[in-house]
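Written below as structure tokens is the structure these notes are about.
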Amino acid sequence: MISLFAVVVLSYLIGSFPTSILVSKYLKGIDIRDYGSGNAGGTNVLRTLGWKAGISVMLIDVAKGWVAAYYIAEFGYENGIILPIFVQIIAGISAIMGHVYTVFAKFKGGKGVGTAAGMLIAIYPLALLFCFSVFLLVAFSTKYVSLASILAAITLPISLYLIEIYTEQPTPPIQFYFAVSVALFIIFNHRSNIGRLLKGEENRFGAEKKD
């Protein structure tokens, strides 16, 4: 169990790397949480500092989830008690929690979408393809990144179900529950966005910046 504990701690610390905060301070000498939506995520950096900084932050945040689920999880395989896929899930969730509640920035981080995507690259690449397709379709048709993120999260458990039907290989219930939990967590982190969407006050991607 010591090795599993190490996986949790290391994955959390990887996820906690405050990418957007460091990039915004390096490029403009600002704290990104004081600008735009106030969120320490790639979308806010994209909107506030431009596409180059935004894409860079997003890629690093995705890498955090992938490294945790693909590499760090290997430290927990040796215990022989928990299956590798479950160790990967534990590592990925730890990285997401680190991103959202980063220890390096008073536990105020991003919303976990990019890091969750990185985890899916390592664990469920085909499911990620479904989710990413939905994200792109909604983002470019509505210009609402938050709505695209929410619907992509909802697509995760649905995609696992569809993959199960297509491949005729049953998905263990715990994996489906995990997918539902990740989707609900991401939706919860977007609760303020949901409120603005319902009021028609949510910022659209590509819209003119406000002071």
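Since every read-out is calculated from the coordinates, none of them should be taken as a lab result. None of the values given here were measured: they were computed from a predicted structure. A quick note on method: Cβ atoms are made from the backbone with ideal geometry, for glycine too, and the neighbour counts reach across all protein chains shown.
In the range 147-179, which chymotrypsin sites (Phe, Trp or Tyr not before Pro) are in a loop and have at most 14 other Cβ atoms within 10 Å, using DSSP for the loop call? Sparse-neighbourhood loop chymotrypsin sites (Phe, Trp or Tyr not before Pro): none present. The C-alpha atoms of the range 10-71 occupy a region whose extents along the principal axes are 33, 19, 18 Å, arranged from largest to smallest.
The relative contact order of the range 1-123 comes to 36 percent, based on Cα pairs under 8 Å that sit 6 or more residues apart. Positive end of the dipole of the chain, charges at C-beta (+1 Lys, Arg; -1 Asp, Glu), about the Cα centre: which of VAL7, LEU22, GLY98 has its Cα farthest in that direction? It is LEU22. Each Lys and Arg Cβ is given +1 and each Asp and Glu Cβ -1; about its Cα centre, the chain then shows a dipole of about 880 debye. Against the main long axis of the alpha-carbon atoms of the chain, helix 173-189 sits at an angle near 20°.
Work through the residues other than VAL145 whose Cβ is under 11 Å from its Cβ and net out their charges, Lys, Arg +1 and Asp, Glu -1. The partial results should precede the final answer.
Numbers: positive: ARG47, LYS111, LYS143, ARG204; negative: GLU202.
In short, +3.
Legend: P(r) of the range 125-211 from all alpha carbon pair distances, 5 Å bins from 0, whole percents, reading 3, 15, 20, 21, 16, 11, 7, 4, 2, 1, 0. Taking GluC sites (Glu not before Pro) as exposed when their DSSP state is a loop state and no more than 11 other Cβ atoms lie within 10 Å, the longest site-free interval of the chain runs over 1-167. Three principal axis extents describe the C-alpha atoms of the range 66-141; from largest down they are 47, 35, 14 Å. Hey, what do the phi angles of the range 143-158 turn into as Karplus ³J(HN,Hα) couplings, whole Hz, using 6.51/-1.76/1.60 and θ = phi - 60°, x for Gly and Pro? Along the range 143-158, the couplings run 6, 9, 5, 5, 5, 4, 5, 5, 5, 5, 5, 5, 5, 4, x, 5 Hz. Using Cα atoms only, what is the angle between the long axis of helix 51-70 and the major principal axis of the chain, expressed in degrees (0 to 90) to the nearest 10? Helix 51-70 sits at roughly 10 degrees to that axis. Model label sites at PHE205 and LYS28, defined 7 Å from Cα along the beta-carbon direction, differ in position by 1.9 nm.
Computed across the chain, the Kirkwood radius stands at 17.4 Å (inverse of mean 1/r, all Cα pairs). Computed from Cα atoms, the angle from the helix 84-100 axis to the main principal axis of the chain rounds to 20 degrees.
Peptides 87-99, 117-129 ranked from most to least packed by the mean count of surrounding Cβ atoms within 10 Å: 87-99, 117-129.
Of interest is the spacing of the C-alpha centroids, which for the range 146-211 and the range 13-59 amounts to 21 Å.
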